[in-house]
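Only one structure is covered here, and it is reproduced in the block below.
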Amino acid sequence: MKRLGILLSGRGSNFLAIARAIREQHLLGAKIAVVLSNVEDAPGLASARELGLPAFAIPSAGRKRADHDAEMLARLHQHKVDLICLAGYMRIITPEFVRAFPNRILNIHPSLLPAFPGLDAQRQALEYGAKVSGCTVHFVDQEVDHGIIILQKTVEVKEDDTVETLSARILEHEHVAYSEALARVLSGEYIVQGRRYVHRDAARPSRATAR
Ligand code: GRF
């Protein structure tokens, strides 16, 4: 059984989609071990408590990033977390944090990376005039919205879209994408070639194994 740690800062709809996927047995072999938030009154934290999950606020306001991350890490280890899902966690994590869970931290971003990293990705896509956007689930590395891409889903940008309508359409896809990506990672049936996440069956033999 793989134990998931969910980190969130707000609404928590991606967390709830993951919780639903587990409940409906679409993510066999996974359970949510703990939900952590850097924001005390994050609605997602309240939802986690309603679901009876261990859920804790570790406020970050006014604290040194290293101290806050150390406390987060201690809590994740205490709950024996194998895999971390950032689900609207609006705080950059330290390199130490990333190193503690190499290729075991996932994030979801509401654009087709590497386009429109950072805040307000949906607004960025709309204002840039992109005709398609979408969402990306990726491993977290030391750079913001940069790690190896596990899965992407595209969404059409319509001419009458507002930031709200585009965000809502992307969010529907996020809720499916995160569980799909998690299922893939949990299966362990993949290898990483450079920046490429490749299903094991599709992987070309590496030089070391090629005859
Ligand atoms: C999502 O759009 C996600 O892609 C981004 O933050 C938002 C979080 O939404 N990283 P929610 O809290 O999961 O509802």
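Which of these, 115, 17, 33, has the largest mean-square fluctuation under a Gaussian network model of the chain (Cα springs below 10 Å)?
Comparing 115, 17, 33 in the GNM, the peak value goes to 115.
Compare the Cα positions of 138, 101, 112 along the charge dipole of the range 93-170 (+1 at Cβ of Lys, Arg; -1 at Cβ of Asp, Glu; about the Cα centre) and return the one farthest towards the positive end.
101
I want to verify a result. In a Gaussian network model of the chain, Cα cutoff 10 Å, which of these has the top mean-square fluctuation: 187, 37, 13?
Comparing 187, 37, 13 in the GNM, the peak value goes to 187.
Rg and Dmax in Å for the range 1-101, alpha carbons only: what are they?
Here Rg and the maximum Cα pair distance are 12.8, 40 Å.
Can you list the GluC sites (Glu not before Pro) in the range 6-59 that are in a DSSP coil and have 15 or fewer other beta carbons within 10 angstrom?
The qualifying sites are 24, 40.
With +1 assigned to the C-beta of every Lys and Arg and -1 to the C-beta of every Asp and Glu, and no other charges, what is the dipole magnitude of the range 1-52 about the Cα centre in debye, to the nearest 20?
260 debye
Build a GNM of the chain with springs between Cα atoms under 10 Å: which of 51, 27, 36 gets the top mean-square fluctuation?
With Cα springs under 10 Å in the chain, the top fluctuation among 51, 27, 36 is at 51.
Taking the simple approach of a point 7 Å from Cα along Cα-to-Cβ for both residue 92 and residue 168, what is their distance in nm?
Once both label points are built, they end up 3.3 nm from each other.
Return the ratio Rg/(2.2 N^0.38 Å) for the chain, where Rg is computed over Cα atoms only.
1.03
Residue 31: which aspartates and glutamates have alpha carbons under 20 Å from its alpha carbon, excluding same-chain residues fewer than 8 sequence positions away?
Output for residue 31: 50, 82, 174, 180, 189.
How would the range 131-211 be classified by its alpha-carbon gyration tensor: rounded, prolate or oblate, with rounded meaning a/c under 1.5 and the a/b versus b/c comparison settling the rest?
Cα axes put the range 131-211 in the prolate bin.
Assign unit charges at the C-beta atoms only (+1 for Lys and Arg, -1 for Asp and Glu), then state the dipole size of the range 1-101 relative to its Cα centre in Debye, rounded to the nearest 20.
180 debye
Can you give the extra length, in nm with one decimal, that the chain gains between residue 199 and residue 57 once fully stretched, where that is 0.36 nm per residue apart less the Cα-Cα distance?
47.5 nm
Note down the relative contact order for the chain as a percent, whole number, built from C-alpha pairs under 8 angstrom at least six residues apart.
Over the chain, the number comes to 18 percent.
Please tell me the relative contact order of the range 1-101 in percent, rounded to the nearest whole number, where contacts are Cα pairs under 8 Å and at least six residues apart.
Rounded, it is 38 percent for the range 1-101.
Cross-link partners among lysines for residue 131, C-alpha distance below 29 Å, same-chain residues fewer than 8 apart left out?
153, 158
Along Cα→Cβ, 7 Å out, is where each label goes; now give me the distance between the ones at residue 82 and residue 1 in nm to one decimal.
1.1 nm
Please order 128, 197, 178 by the number of other Cβ within 10 Å, starting at the fewest.
Ascending number of Cβ neighbours within 10 Å: 128, 197, 178.
Using only the Cα atoms of the range 61-176, construct the convex hull and provide its projected area averaged over every direction, in square nanometres to one decimal.
For the range 61-176, averaging the hull's shadow over all directions gives 7.7 nm².
Each reported figure results from applying straightforward, stated rules to the coordinates on display, with no laboratory input. Please read these numbers as outputs of a predicted model, since none were measured by experiment. Glycine gets a Cβ as well: all are built from the backbone with ideal geometry, and neighbour counts include every protein chain shown.
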